[in-house]
Amino acid sequence: MAEKKIWVAFRNKGVLPKALMGTEKDINVGPHEPVRVPETYGNHLIADRFAYAADELAKQRAAARKGTAKSIAAAEKAVADAKETLDKAGDDLAAKADAEKALAAAEAALAALQDN
């Protein structure tokens, strides 16, 4: 049985480890941006005051985007576009860094949509 997940938001900004989230890269999360994480990890973040429970805000945001095929398709396109931009960045380190941030954000958005 899958572990229960809870919504948290980082007070400043945070990084969700790839091994924990099941993604290819760590996920960078902006301040006060609700994310769904495994309950034990979320409780750890809350206890250490890195994050706070974001249930109400998360429910509002999730309700706004829940289940719409258009939202999921748009998020998948954003991931594909970000990967293409990353591939085209070549040796430009600044462009690569920007593309990696955009890719991480797009992957996080897609994962959030798929979890709902």
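The values are calculated or read from the model by the stated rules, or taken from the named source; none is laboratory data. Just so we're clear, the structure is a prediction, and the values are computed from it rather than from any experiment. With ideal geometry, Cβ positions are generated from the backbone for all residues, glycine too; neighbour counts draw on all protein chains shown. Accessible surface areas use protein heavy atoms only, side chains included; no ligands, DNA or RNA. Shrake-Rupley method; radii C 1.70, N 1.55, O 1.52, S 1.80 Å.
Each label was represented as a point 7 Å from its Cα along the Cα-to-Cβ direction; for Asp91 and Glu24 these points are 2.4 nm apart. Of the listed residues Glu39, Glu76, the order by accessible area with a 1.4 Å probe, largest first, is Glu76, Glu39.
Note on Lys25: aspartates and glutamates with a C-alpha under 15 Å away, same-chain residues under 8 apart excluded, are Asp98, Glu100, Glu107.
Annotation: peptides 14-21, 89-96, ranked by per-residue average of other Cβ atoms within 10 Å with the highest first, follow the order 14-21, 89-96.
Panel values: segment 5-53, Kirkwood radius from alpha carbon pairs, Stokes-Einstein at 37 °C and 0.692 mPa s, translational diffusion coefficient 314 µm²/s.
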